[in-house]
Each structure stands twice: as structure tokens, then as C-alpha cells.
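Asker: One structure is given below, represented as C-alpha cells, and several questions about it will come after.
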Amino acid sequence: MEYNKLLARSFSHYEQKMIGCWAFSVFLIITILTYYFALISNPSSLASIPILNTDADLRMVVFRDTSSRIQQLYSDHDHQVIESSELEVKEIIKEVIEVVDRIDGQTKQETVELPPVCNVSDQKFDICDIDGDIRIDGKSSTILYTSSSTNGYFAGNDSWRIQPYPRKTDKGAMKNVNEILVKPFLNNDSYAPTCTRYQSVPAVIFSVGGFASNHFHAYNDVLVPLFLTSRQFNQEVQFLITDSKPSWISKYKLILDALSKYPILDLDKQNDALCYKKVILGLNFHKFLSIDPLKSPKNYSMENFTQFLRSAYSLKRSSPINMTVKGSGHRKKHPRLLIVSRQRTRKFSNVNSIAKMAKSLGYQVVIEEPSYAKDASTFTQMVNSCDVMMGVHGAGLTNIVFLPPGAVFIQVVPFGVKWVSTKYFAEPAPDMKLQYLEYKIAANESSLIQQYPIDHAVFKDPHSIGKQGWNVFKSVYLDKQDVNLDVGRFRPTLLKALDLLRK
């Protein structure tokens, strides 16, 4: 009340009107400016930079037009003009609100929330599937990207550090895997490298560090996941390998060449800025030495993978011997039995006795230790020529991937290794369309009986040994155990294999 009386004594009614209108105009201008700069300071509210520029410019036009129109209204000091101007100001304000709401509505309709380019939710692996302008700096192990969508924005994180090897919770494996930084860049960012080599096909980036030097892990951790990830491109894809080893690439060259017809690049040695429109960093992984068709692109299966291998290595046999048809001259057919031997740990100490018994049952016996010289094609041919394959649990059994579908696979399970033998080979075998048999050795068939009393936890409670950690478990059951097979006890297993081949 006191303020109003003071104002009335100091200014005329006309001047009071002028002050009120100008104050309201200033308030309106400040409000619009505040809204405008808030948008600039928070680009996510506009979703992406291109939209920010467009909508902000529109709002600035609205602000300038509103300001000039209000100033025009109060340029004349006539009382009647002032009175009518108040109504026009209200109409201008209403117009401003409608225009801004219309711009906001258009922005919401045009923008699209894009999923994160990297998925780190799986327990086994991380993978990034990136589309757009992608630039790879191998020396700094960095991938920079922008979205291929001009009206989209990425939800959640937009940068990641990825180790492209599918054993992410295994510290022993991951300590030997390079880490790659994935982050976005803007077109005008000075730190983004200029493209020096541009490729029109997608790239798949993966590591052959970790445990990939082991034959089982080469397939389980790299080759099967690589098939799962890259087969969909029908060879129109380029591989960039980190932690590369020339001997590894040479060993599996036929497989790599069958998946990609482009030169393999050593990512860590690249001096160029490599540019692609699509990059997959990391490999998909479903389960040990197998594929889940329900999760794979084009419903690929492990049967598709073994068929692919037979093509890559030019393997002739896609089925085992037909025991119902007699050979030439009506001679009895003899199925070929491959006994996978080992020279260090978990070896058969009586392999000749096993072979003699098998021959007495009608098998043609081949005894071989896996050899992976160069491309390993010679050994793969031998495996494919056999109808039954047997061996003690170990990496050499990975060669079941070359057996013809319908063949019989016999895994001899050493004492204490039931879980790993089941997960690594027993469960994957049916996915390869193999007929699986298992022979669990008794305590008296294990060399451990010479090292521990029969009532020791090694025999009575293997689980308690496993609780002491992988190194202890491996030392006892994998490194210090050989097998002296009881041929009489094992004989029914080989007879069962013959029955399966006849059926």
C-alpha cells in the first residue's frame, strides 16, 4: 500500500502505465532469453546438435520478433495507444507460448532415442555394434563414432572401455587382452583423426590374446564366436585383430579366409586412421563350444558351424560308415576308430592294449596325437575319415568339430573333472549331431591312486579340492593324472558305439 501511494504521488497515471508495460516487456524478454540459454547449456533436452541449432534459431527469431513488436507498441506516448497496447501485449504473449509449444512438439516427434552402441550386460562378453561415421586409431586403441542418424541421440553412457574377448570375468585370461576405448565425437572436433584409409565393408574387431593359444579356447573363445558374429556378412567383412600373433593367424588361416575375403589387419600396428560405416567390436558368445540358434543371426547353429568347417577344409565326409551295407566283394566293413593320444598329462598308459581290444571288436584303429603344424589341415582330414573318436578329456578333443555328423564320440572322463568334461564336450556334442558316449574311470584306473590314499578328499570329495581354487584343482586332476584304462570294463562302451553306428 505504501509503495502504491508513493508511486501515485511521484508519477502520473500515464507514466505509471508506461513503467508497468516496460517492466512487463523486460520480464518477458528475460524469460525468453533464460529459456533460450538453458536450452544451449543442456543440449540433451534437444536430443542432438543438429536439432539444437534448428530449434534454437527458431526461438531466437520468436524472441527478436516479440521484442520489436512490444517496443513498437510503446513508442507512441498517447494514452489510448497505451491502453490498447496492453491487450496487444497479451495477444503477443499468447502467440509466443503457442510457437514455442509447437517447436517443442515438433522436436519430440522428430528425435529418436537410440540404444547404446555397446552392450555390457552379458556375463561372458561385451560387444559394440556401431553404425555411422567411425574412425579407428589403432595406436591409441580408440574408436571414435558419430551416429548415422541426424535426429537421434544415445541414451545412457556414450563411451566405454572394451576388451574384445568373451571371458570378461576371467582375470587370468583378460590380463592378456588389450582394452579399446569407444567414444563419440562431433564433426567439428579437432581431436578426431582425419580418415586416411576408408573401407566400404563392415569391420569386426576381436582379440586373440587371453587363452586363444590353447586349441579348445581358440575355438570356444574366438572361432565359434567369430563365425556367429561375422558369417551374416557372407565374407563381405574385414577383420581387425588386437593382440595379434602371426602363428595363430597362420594356424587358422583357412577358417579366417572362409569368413572374410579381405586382408586381416593387425590393429595394434596401424598408423592410418581407418574409417568404416559399420564396426562390431567384440564377439558374440552363447555357450561352451556351441551356438544357440534362437539367439543367432539367421538362426545359425553349431551344425552350421561344423558344416562350414568341412567346406573350409575341403573335408569329404558328411556321414559315418554305413554298417548295414557290405563292402566290395561282400567283405565286412570296419569302422575307423581314432584314439587321441597325449604325451604329457592325462595320457593313456596302456594305449596299445586299448587298440588291441578295439581291433578284436572289428575296428580299424588309428592312434594319433593332434598336430597343428601350419594350417592343421592334415589332422582335420584324418579326424573326418573316422567314424568313432575317443580320448581323455583335454583340448585335443576339440577336434570332434571335424567328425562327420552321426559319428560317435567317446569321452574318457578322468577322476574329478566331471563338470568341465560335461560343459566343454558332453553338452556341445549333440549340437554337432554327434552320438555321445562317456566313460568315467574308476579310482583304480587313475594314477592318483599312487599319490593319495583311497579315503583322501581327492577321491572322496573332489568338490572340496575345487573350492581351493582353479590352480589347485588343475594341479591335482589335470596336471598330475594319467589313465590306465581297464580294457575289460571299457569293452562294452566300444560295443555300444558299434550299435549306434548300425542304427
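Asker: Can you tell me which of 131-144, 235-248 comes out highest on packing, and rank the rest after it, using the mean Cβ neighbours within 10 Å?
Answerer: Order by mean packing, descending: 131-144, 235-248.
Asker: Now, a different point. For the stretch 387-394, what does the Karplus curve 6.51 cos²θ - 1.76 cosθ + 1.60, with θ = phi - 60°, yield as ³J(HN,Hα) per residue in whole Hz, taken in order and with x for Gly and Pro?
Answerer: 9, 9, 10, 9, x, 6, 3, x
Asker: Continuing with this model, one more query. Whole-Hz Karplus ³J(HN,Hα) for the stretch 245-255, in order, using 6.51 cos²θ - 1.76 cosθ + 1.60 and θ = phi - 60°, x for Gly and Pro?
Answerer: 10, x, 5, 5, 5, 5, 4, 10, 4, 5, 6
Asker: Using the Cβ atoms and a cut-off under 10 Å, what net charge is assigned to the surroundings of Cys118, where Lys and Arg are +1 and Asp and Glu are -1?
Answerer: Summing Lys/Arg as +1 and Asp/Glu as -1 gives -2.
Asker: If you don't mind, another one. Please report the spacing between the Cα centers of the stretch 118-147 and the stretch 213-242 in Å, no decimals.
Answerer: Cα centroid to Cα centroid, the span is 17 Å.
Asker: Give the relative contact order (percent, whole number) for the stretch 395-503; include only Cα pairs under 8 Å separated by 6+ residues. Intermediate values should be presented prior to the final figure.
Answerer: Working: 106 pairs, mean separation 32.5, N = 109.
Contact order relative to length: 30 percent.
Asker: Please state the charge dipole magnitude for the stretch 114-285, taken about the Cα centre, from unit charges on C-beta atoms (+1 on K and R, -1 on D and E), reported in debye and rounded to the nearest 20.
Answerer: That gives the stretch 114-285 a dipole magnitude of about 380 debye.
Asker: Considering the dipole of the stretch 336-501 built from charges on the beta carbon (Lys and Arg +1, Asp and Glu -1) around the Cα centre, which of Gln451, Gly396, Gly469 is farthest to its positive end?
Answerer: Value: Gln451.
Asker: Could you go through the stretch 303-313 in sequence order and give the Karplus-derived ³J(HN,Hα) for each residue, using 6.51 cos²θ - 1.76 cosθ + 1.60 with θ = phi - 60°, rounded to whole Hz, and x for Gly and Pro?
Answerer: These are the phi-based 3J(HN,Hα) values: 4, 4, 5, 5, 5, 4, 5, 4, 6, 4, 9 Hz.
Asker: Might you report the magnitude of the Cβ-based charge dipole of the stretch 191-316 about its Cα centre, with Lys and Arg at +1 and Asp and Glu at -1, to the nearest 20 debye? Don't skip to the answer; put the middle values down first.
Answerer: Details: 14 positive and 9 negative charges, 60 e Å.
With Lys and Arg at +1 and Asp and Glu at -1, about 280 debye.
Asker: A further question follows. Keeping every protein chain present and rolling a 1.4 Å probe, give me the accessible area per residue for the stretch 114-285 in Å². Please list the in-between numbers first.
Answerer: On the way: 7260 Å² over 172 residues.
It amounts to 42 Å² per residue over the stretch 114-285.
Asker: Also, I was wondering about something else. Using only the alpha carbons of the stretch 336-501, what is the convex hull's orientation-averaged projected area in square nanometres?
Answerer: Numbers: hull surface 38.5 nm².
Mean orientational projected area (the stretch 336-501, Cα hull): 9.6 nm².
Asker: Rounded to the nearest 0.05, what FRET efficiency is calculated for Glu179 and Glu368 with R0 set to 56 Å and r the Cβ-Cβ distance?
Answerer: 0.90
Asker: Report, for the stretch 275-408, the % of DSSP beta bridges that are antiparallel, rounded to 5.
Answerer: 10 percent
Asker: Let me ask another. Taking amide H atoms as placed 1.01 Å from N in the peptide plane, list the residues 5 or more away in sequence, or in a different chain, whose amide H sits under 5 Å from that of Asn176.
Answerer: Gly210
Asker: Which entries of Lys139/Lys175; Lys168/Lys298; Lys316/Lys440; Lys356/Lys440; Lys245/Lys467 show an alpha-carbon separation above 28 angstrom in the structure shown?
Answerer: Where the Cα-Cα span goes over 28 Å, the pairs concerned are Lys316/Lys440; Lys245/Lys467.
Asker: Then there is this: In debye to the nearest 20, how big a dipole does the stretch 336-501 give about its Cα centre with +1 on each Lys and Arg Cβ and -1 on each Asp and Glu Cβ?
Answerer: Taking the Cα centre of the stretch 336-501 as origin, the dipole is about 160 debye.
The values are calculated or read from the model by the stated rules, or taken from the named source; none is laboratory data. In this text the structure is predicted, and so the values were computed from the model without any measurement. Ideal geometry is used to build each Cβ from the backbone, glycine not excepted, and the neighbour counts take in all protein chains shown. Only protein heavy atoms, including side chains, enter the accessible area calculation; ligands, DNA and RNA are left aside. Shrake-Rupley method; radii C 1.70, N 1.55, O 1.52, S 1.80 Å.
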